[in-house]
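Everything on this sheet refers to the single structure shown next.
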Amino acid sequence: MLLAITIGSAVSELIIIAAILLVLFIILKLGKFLIGLILNSILGLIAIYLVNTLFSLGIVYNLLTIIVVAIFGLPAVAIIIILKLIGISI
């Protein structure tokens, strides 16, 4: 009887440790994703700002521009610039 209690508590402790490790792993992966998204948006907005000041394109900073640049990064900035040059604003 004493052995059954010890094995049961050891298994429950292992399950708790595994759950904690799983939660930490998910938080770490989500954190890396969010940091990448923030860095993409900052670099993209800096690039749009520099292009606006150097070439006076008049690209507007709105929610759609920020979302597109945050998700796709610098290639999205290039596409936004090309669209602005051909007369399409987002």
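Bear in mind these aren't lab numbers, they're just calculated from the coordinates by the rules spelled out. Fair warning: this is a prediction, and the values are worked out from it, not measured in the lab. Every residue, glycine among them, receives a Cβ derived from its backbone with ideal geometry; neighbour counts consider all protein chains shown.
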Inset, instruction - With springs connecting C-alpha atoms under 10 Å apart, model the chain as a Gaussian network and identify which of N40, N62, N52 has the largest mean-square fluctuation. - result: N62
Legend entry - Full-stretch length increase - L64, I20 - with 0.36 nm per residue and alpha-carbon distance subtracted: 12.1 nm
Inset, instruction - Please report the relative contact order for the chain, taking Cα pairs under 8 Å with a sequence separation of at least 6, and give it as a percent rounded to a whole number. - result: 27 percent
Inset, instruction - Calculate the spin-label point distance for L43 paired with I27, positioning each point 7 Å from the Cα along the beta-carbon direction, and give it in nanometres. - result: 2.7 nm
Inset, instruction - Take each uninterrupted DSSP H stretch in the chain, measure its Cα extent along the helix axis, and return the ones at 24 Å or beyond whose mean Kyte-Doolittle hydropathy is at least -0.5. - result: 2-55
Legend entry - Radius of gyration and Dmax over the Cα atoms of the chain, both given in Å: 24.3, 81
